[in-house]
Amino acid sequence: MSTTYTKKQVAELIDGVLDWETVRRMLFMPKDPLRFAMYIEVLQERAKWEDKIVLPLAPHLYIVEDKNGDIVNKCDCGYVFGPYQENWKLNALIYVRDSVEKFNQVYPKLMSPDAEWQVYREYYCPECACQHDVEAPVPWYPVIHDFEPDIAEFYKWVGLKVPKGIAA
Amino acid sequence: MNKPESISGGSTTRKSILANGKTLAQNRADMYNISKESGHYDGLKELKLKSSDPITYEKIFSKLRAGVVNARETAKKIAASPIVEQEGELCFTLYNTAGDCICTSTGIIIHVGTMGMCIKYMIENNWEEDPTVNPGDMFTNNDCQIGNVHPCDIATIVPIFHEGNLVAWVGGVTHVIDTGAAGPGSMSNGQVQRFGDGVQITCRKTGINDKPMRDWQHEVQRNVRTPKYWILDERTRIAGDHMIRDIVEEVIADVGVETFIQFSSEIIEDGRRGLVKRINDILIPGKYNTVAFVDVPYMHEDVHVPSPFAKVDTIMHAPCTITVKPEATWRLDFEGCSRWGWHTYNANPTAFTSGIWVMMTQTVVPTERINDGSLFASEFRLPKGTWTNPNDRRTAHADAWHFLVSSWSSLWRAVSRGYFSRGYLEEVNAGNSNPCNWMQGGGFNQEEEIHAVNSFETAACGTGACAMKDGLNHAAAIWNPEGDMGDCEIWELAEPLLYMGRAIKSNTGGYGKYRGGMGFETLRMVHNSADWCMFFMGNGYMNSDWGLHGGYPSATGYRFEAHNTGLHKRIAEGKSLPMGHDWNPDEPDYENHLEPGAEVKRDSQCITTEAIFENGDLYLNYLRGGPGFGDPLDRTIENIEKDLNDVVLLEEYAIKIYGAKFTKDAEGYYTVDADATLARQAEMRKERLSRGTPVKEWMKGERQNILDKKASVQVQQMFASSFELSQPFLDKFRAFWSLPSDWLVTEKELGVPAFGAKHHMDLSQMPDVKTVVLVEE
């Protein structure tokens, strides 16, 4: 048993303006299996490009199928971060906060880390400058590949046709 | 690699206490092995009772579940300790004959696993033969070597019999205020081994005929600082256990013992299926890679430890790969974790995995049906020798939470990536806050009694931001979702510490499109105490709660304490006093309301050991905020304005983070100029492009830093410790940075003591001990 929602409600959820009663119902009740398809539909309508959204990764970052059938990581602005299996961060810009002065731009000195222990690594889109992620590791730490989705299996879970460019 | 145990069962000369005639160990072995072989708990491919008589099935569940919840609510009123009575730091759980959880109450549900492990330990070590298990018995456990989180969580276990046969176990646990550790307070630091970590009781028979034994009570009460609380907490646990035993007896009278026994296996298989269903419903298959860190700054002069080899700065490292499999089960692999250490922050596999369930019940499986079935749909890998699974019986655990909460935050962030990608934005949580500071201390209190305190205000920290709303301010802690900061008036009764103020702590929630929930701060003045000491416990040089999808981590902690304040004189003279907000620690104001000569400590050293506090001295208890979600430049103008008017965002950071352009009227009301702010944000985006470096370019410089071994000793020690324990982690590290195949950093070359790295002795090497292992090691 699940509760279903309208496309308008899903759009309002994405925009953070959905009424609290409906949000509560979403939290309390079993999940609606149609959500993913509806979510993709709303995001696709808003996209500035023609590529087909395969999986949203972050508010402005997607795995998409481009016109050549290639599956890539893509920003809202159109910048392509490379093949979907690769860590998109490796093709981003990075800014490392590793000093008192740099940390003081985001927090009072006593409320930010000590750079001898920890740094902040901000990852920006090279075109639109969207801050897609902030890591807070120790120095030397390898760039983290946060998520490696098994898209082929997921599409089976939700009953959708697996895009051709997805490795089985 | 060690695998989870294969159980062979035991032998006994005594008549079986089970209706099936087996020993407890053989009974458990049979249930465990058939579960592993069949993939279904107790081999139950069908839920016959549930399918044939669903009404009875649901009736039994409802009665038992209501019984354990009601027992908790009733029993907590018996407690005197505000930790239990105000914060609800207790939990009751019902187990089947094998020690697997049937259902649990609300509260500190991490103990579903810890008490279950205690029962399994008694089963595997033949407690039925000696000291024997009889109707009316009680067993007490708080031993961290067999699964307890930390010594202050005391469990009372009661076997439940029907017509002479064991049919179930019930366990109750409370967090007591003191365990007689080297320092006062339930989660003290300073001690570095088990032998200073407080009294530890190993599944000891402490009651017969429903009555605690006199020798037990005489012995244990004098081993703690707060016997009054100890006695009442034990009565709390016994009362709850016996209430639940009554409920079980009623159920058996109603449905018959065979149906009850059938139910007690089916409900666990039901729980296993429930997790699989939920993973399939809400997550995405694949790999989620995450990591967490937290600081152990022990080189500081305000950290006093008894052993020179403990006087080192170290960092907890907890990488994790969560693999969600096509069949909707999952595996959590912690390969690469750092070694256990000479401090009180070590964990053990049961504390670690049980705690993960506390978190998961707030997100993946938010259901009252949580039980040990979930464990049978999960695989955990906790490498032996790491802080998650020490290979030495000397380890201390009093504040295991310092590491546990830090590592779990990253797991919540990881599964939230799945929720976001799937469109379940309402489930996303950027992570939990690091719930601290733990304000602790002791001496003589206002009633002239030997006393200890551990403020549980930390039960109400800020929560992480969601993908469609801000986090909640001063709301909860990961270890007790029912958390409550407690009433000031009650804390003042329990502690010789007056409230000089309690306020929302500005700028503590991580910034983002949606910001993390704010923490809060309370300023306490020591009053009517004698021979009094206090200390701090939390994160300061690092934070463990990163943001998600471009949101910032929450603020780190800091310490404020003041001595020789002259406050009594100022009060007498009617002068101004330090009260309420410590608005911006970089522009301190408390100091303007102290007498000349006051000694103030303001720094990032958030772990200290006992320091003397005189009456009139001040202690700031700052409870942390939660991390943020999304690019801060996506935050709406209305929300920026609201933050300013709610006084949760300092003006300076509204400008620096959000590019806000605003005015403030005579009454202090802020109005943000949308056009001017958007124009400034456009400039800020250009500034990002200008200061950013292509990652692959930056990597060349960072690689050189590694080759040059340019990093602080504590950072290098962390890597050295993980490299020594994990060749796979070392291989990955070398591969990522394209390092020579012989590149390495070792603790030896850093010149720091590494006691325990080469020489260690595990509990399993003790005579007549059979350890219980439920994870891959």
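The values are calculated or read from the model by the stated rules, or taken from the named source; none is laboratory data. None of these values were measured; they are calculated from a predicted model. Cβ placement follows ideal geometry from the backbone for every residue including glycine, while neighbour counts extend to all protein chains displayed.
Pick out the one residue from B:VAL276, B:VAL294 that is surrounded by 24 or more Cβ atoms within 10 Å (Cβ to Cβ) and within 14 Å of another protein chain (Cβ to nearest Cβ).
The match here is B:VAL294.
Please find, within the stretch B:490-526, the residue that is nearest to B:PHE560 (Cα to Cα) out of those that are of a type in the set (D, E, K, R) and either assigned to a loop (DSSP other than H, G, I, E, B) or away from chain A (no Cβ under 14 Å) (or both).
If we filter the stretch B:490-526 for residues that are of a type in the set (D, E, K, R), which is where we start, we get B:492, B:495, B:502, B:505, B:513, B:515, B:521, B:524.
Remaining after also requiring either assigned to a loop (DSSP other than H, G, I, E, B) or away from chain A (no Cβ under 14 Å) (or both): B:492, B:495, B:502, B:505, B:513, B:515, B:524.
Values: B:GLU492: 20, B:GLU495: 19, B:ARG502: 15, B:LYS505: 14, B:LYS513: 31, B:ARG515: 25, B:ARG524: 11 Å.
Only one residue fits best here, namely B:ARG524.
Quick check on B:GLU379: is it farther than 19 Å from B:TYR288 by Cβ, surrounded by fewer than 24 Cβ atoms within 10 Å (Cβ to Cβ) and in contact with a Lys or Arg (Cβ under 8 Å, 6 or more places away or on another chain)? Walk me through it before giving the result.
On the way: farther than 19 Å from B:TYR288 by Cβ: no; surrounded by fewer than 24 Cβ atoms within 10 Å (Cβ to Cβ): yes; in contact with a Lys or Arg (Cβ under 8 Å, 6 or more places away or on another chain): yes.
In short, no.
If B:LEU411 satisfies all but one of (1) in contact with an Asp or Glu (Cβ under 8 Å, 6 or more places away or on another chain); (2) in the same structural domain as B:GLU492 (by TED's automatic domain parsing), what's the number of the condition it fails?
B:LEU411 satisfies all of (1) in contact with an Asp or Glu (Cβ under 8 Å, 6 or more places away or on another chain); (2) in the same structural domain as B:GLU492 (by TED's automatic domain parsing) except (1).
Of everything in the stretch A:124-135, what is in contact (Cβ under 8 Å) with a residue 12 or more places away in the chain, crowded, with 22+ Cβ neighbours inside 10 Å, out of contact with any helix residue (DSSP H, G or I) (no Cβ under 6 Å at 6 or more places or on another chain) and part of a strand (DSSP E or B)? Give them in sequence order.
Result: A:HIS132, A:ASP133, A:VAL134.
Do you know which residues across the stretch B:315-352 are hydroxyl-bearing (Ser, Thr, Tyr) and surrounded by 24 or more Cβ atoms within 10 Å (Cβ to Cβ)?
Filtering the stretch B:315-352 down to residues hydroxyl-bearing (Ser, Thr, Tyr) leaves B:321, B:323, B:329, B:338, B:344-345, B:350.
Within the stretch B:315-352, B:SER338, B:THR344, B:TYR345, B:THR350 meet the criteria.
So in the stretch A:83-114, with the set limited to residues that are aromatic (Phe, Trp, Tyr) and within 7 Å of chain B (Cβ to nearest Cβ), which one is nearest to B:VAL695 (Cα to Cα)?
A:TYR95
If you take the residues of the stretch B:308-324 that are of a type outside the set (Val, Ile, Thr) and out of contact with any helix residue (DSSP H, G or I) (no Cβ under 6 Å at 6 or more places or on another chain), which of them is nearest to the other protein chains (Cβ to nearest Cβ)? Let's see the steps before the verdict.
In the first step, residues of the stretch B:308-324 are kept if they are of a type outside the set (Val, Ile, Thr); the result is B:308-311, B:313, B:316-320.
Still in the running and out of contact with any helix residue (DSSP H, G or I) (no Cβ under 6 Å at 6 or more places or on another chain): B:308-311, B:319-320.
Details: B:PRO308: 22, B:PHE309: 21, B:ALA310: 18, B:LYS311: 17, B:PRO319: 9, B:CYS320: 11 Å.
The qualifying residue nearest to the other protein chains (Cβ to nearest Cβ) is B:PRO319.
For the stretch B:373-431, give me each residue that is assigned to a helix (DSSP H, G or I), within 11 Å of another protein chain (Cβ to nearest Cβ) and more than 20 Å from the chain's Cα centre (by Cα).
Residues satisfying the conditions are B:ARG417, B:GLY418, B:TYR419, B:PHE420, B:SER421, B:ARG422, B:LEU425, B:GLU426, B:GLU427.
To keep it simple, each residue is scored yes or no on (1) over 30 Å from A:PRO113 (Cβ atoms); (2) crowded, with 23+ Cβ neighbours inside 10 Å; (3) not assigned by TED's automatic domain parsing to the domain that holds B:PRO227.
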position: B:GLU426; (1), (2), (3): yes, no, yes
position: B:PRO435; (1), (2), (3): no, yes, yes
position: B:PRO481; (1), (2), (3): no, no, yes
position: B:ASP487; (1), (2), (3): yes, no, yes
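Out of curiosity, is A:LEU90 within 18 Å of B:ASN543 (Cβ to Cβ) and without any contact (Cβ under 8 Å) to a residue 60 or more places away in the chain? Before the answer, list the steps.
Values: within 18 Å of B:ASN543 (Cβ to Cβ): no; without any contact (Cβ under 8 Å) to a residue 60 or more places away in the chain: yes.
When the stated conditions are applied, A:LEU90 does not pass them.
Determine whether the stretch B:197-208 contains at least one residue that is out of contact with any strand residue (DSSP E or B) (no Cβ under 9 Å at 6 or more places or on another chain), assigned to a helix (DSSP H, G or I) and at pLDDT 95 or above.
No, the stretch B:197-208 has no match at all.
If you take the residues in the stretch B:681-704 that are surrounded by fewer than 16 Cβ atoms within 10 Å (Cβ to Cβ) and among the charged types (D, E, K, R), which one is nearest to B:PHE733 (Cα to Cα)?
Only one residue tops the list, namely B:ARG703.
Results for (1) in contact with a Lys or Arg (Cβ under 6 Å, 6 or more places away or on another chain); (2) surrounded by 15 or more Cβ atoms within 10 Å (Cβ to Cβ), shown as yes or no for each residue.
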| position | (1), (2) |
| --- | --- |
| A:ASP19 | no, no |
| A:PRO30 | no, no |
| A:VAL72 | no, yes |
| A:ASP76 | no, yes |
| A:ARG97 | no, yes |
| A:GLN105 | yes, no |
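Is one or more of the residues making up the stretch B:661-671 under 30 Å from B:ASN429 (Cβ atoms) and among the aliphatic types (A, V, I, L, M)?
No, because not a single residue in the stretch B:661-671 is under 30 Å from B:ASN429 (Cβ atoms) and among the aliphatic types (A, V, I, L, M).
Would you be able to say whether some residue in the stretch B:183-195 is under 23 Å from B:VAL84 (Cα atoms) and surrounded by fewer than 21 Cβ atoms within 10 Å (Cβ to Cβ)? If you could, list the steps in order and put the result at the bottom.
Looking only at the stretch B:183-195, we keep the residues that are under 23 Å from B:VAL84 (Cα atoms), and these are B:183-189.
Imposing the further condition that a residue be surrounded by fewer than 21 Cβ atoms within 10 Å (Cβ to Cβ) reduces the set to none.
No, that holds for no residue.
Residue by residue, here is whether (1) polar (S, T, N, Q); (2) over 17 Å from the mean Cα position of the chain (by Cα); (3) in a loop (DSSP other than H, G, I, E, B) holds:
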site	(1), (2), (3)
A:PRO113	no, yes, yes
A:GLU122	no, no, no
A:PRO137	no, yes, yes
A:PRO142	no, yes, yes
A:HIS145	no, no, yes
A:PRO163	no, yes, yes
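Is it fair to say B:VAL305 is farther than 30 Å from B:LEU730 by Cβ, β-branched (Val, Ile, Thr) and either away from chain A (no Cβ under 11 Å) or not in a strand (DSSP E or B) (or both)? Walk me through how you get there before you give the answer.
Values: farther than 30 Å from B:LEU730 by Cβ: no; β-branched (Val, Ile, Thr): yes; either away from chain A (no Cβ under 11 Å) or not in a strand (DSSP E or B) (or both): yes.
So B:VAL305 does not fit the description; no.
Quick one: which helices (runs of 4 or more DSSP H) lie wholly within the stretch B:708-777 and hold at least 1 residues that are basic (Lys, Arg)?
On the way: elements: B:713-725, B:727-736, B:747-750.
The helices (runs of 4 or more DSSP H) meeting that bar are B:727-736, B:747-750.
Determine whether B:LYS696 is within 11 Å of another protein chain (Cβ to nearest Cβ), at positive phi and touching a helix residue (DSSP H, G or I) at 6+ places or on another chain (Cβ under 7 Å).
On the way: within 11 Å of another protein chain (Cβ to nearest Cβ): yes; at positive phi: no; touching a helix residue (DSSP H, G or I) at 6+ places or on another chain (Cβ under 7 Å): yes.
No.
Would you mind stating whether B:THR97 is in a loop (DSSP other than H, G, I, E, B) and crowded, with 24+ Cβ neighbours inside 10 Å? Steps first, please.
Details: in a loop (DSSP other than H, G, I, E, B): yes; crowded, with 24+ Cβ neighbours inside 10 Å: yes.
Taking the combined requirement at face value, the residue satisfies it.
Restricting attention to the stretch A:40-69, which residues are outside any loop (DSSP other than H, G, I, E, B) and out of contact with any strand residue (DSSP E or B) (no Cβ under 7 Å at 6 or more places or on another chain)?
Taking the stretch A:40-69 as the starting set, the residues that turn out to be outside any loop (DSSP other than H, G, I, E, B) are A:40-46, A:52-58, A:61-65.
Within the stretch A:40-69, A:GLU41, A:VAL42, A:GLU45, A:ARG46 meet the criteria.
Just to check your reading of the model, which residue among B:LEU730, B:LEU707 is surrounded by 16 or more Cβ atoms within 10 Å (Cβ to Cβ), aliphatic (A, V, I, L, M) and either under 26 Å from B:GLU335 (Cβ atoms) or touching a residue at least 60 places away in the same chain (Cβ under 8 Å) (or both)? Walk me through it before giving the result.
Values: B:LEU707 fails: surrounded by 16 or more Cβ atoms within 10 Å (Cβ to Cβ).
The unique qualifying residue is B:LEU730.
Tell me, which residue of the stretch B:627-674 that is among the polar types (S, T, N, Q) and away from chain A (no Cβ under 14 Å) is nearest to B:ASN584 (Cα to Cα)? Spell out the reasoning first.
In the first step, residues of the stretch B:627-674 are kept if they are among the polar types (S, T, N, Q); the result is B:636, B:639, B:645, B:663, B:671.
Narrowing the set further to residues that are away from chain A (no Cβ under 14 Å) leaves B:645, B:663, B:671.
Values: B:ASN645: 16, B:THR663: 20, B:THR671: 22 Å.
Ranking the candidates gives B:ASN645 first.
Mind counting the residues in the stretch B:156-174 that are in contact with a Cys (Cβ under 7 Å, 6 or more places away or on another chain) and either farther than 14 Å from B:ASP137 by Cβ or surrounded by fewer than 23 Cβ atoms within 10 Å (Cβ to Cβ) (or both)?
Final tally of qualifying residues: 1.
Being in the same structural domain as B:MET500 (by TED's automatic domain parsing), of a type outside the set (Val, Ile, Thr), within 23 Å of B:VAL291 (Cα to Cα) and in contact with a strand residue (DSSP E or B) (Cβ under 7 Å, 6 or more places away or on another chain), is that true of even one residue in the stretch B:523-535?
Just the residues of the stretch B:523-535 that are in the same structural domain as B:MET500 (by TED's automatic domain parsing), to begin with: B:523-535.
Now drop any that are not of a type outside the set (Val, Ile, Thr), which leaves B:523-525, B:527-535.
Among the residues that remain, those that are also within 23 Å of B:VAL291 (Cα to Cα) are: none.
Among the residues of the stretch B:523-535, not one is in the same structural domain as B:MET500 (by TED's automatic domain parsing), of a type outside the set (Val, Ile, Thr), within 23 Å of B:VAL291 (Cα to Cα) and in contact with a strand residue (DSSP E or B) (Cβ under 7 Å, 6 or more places away or on another chain), which makes the answer no.
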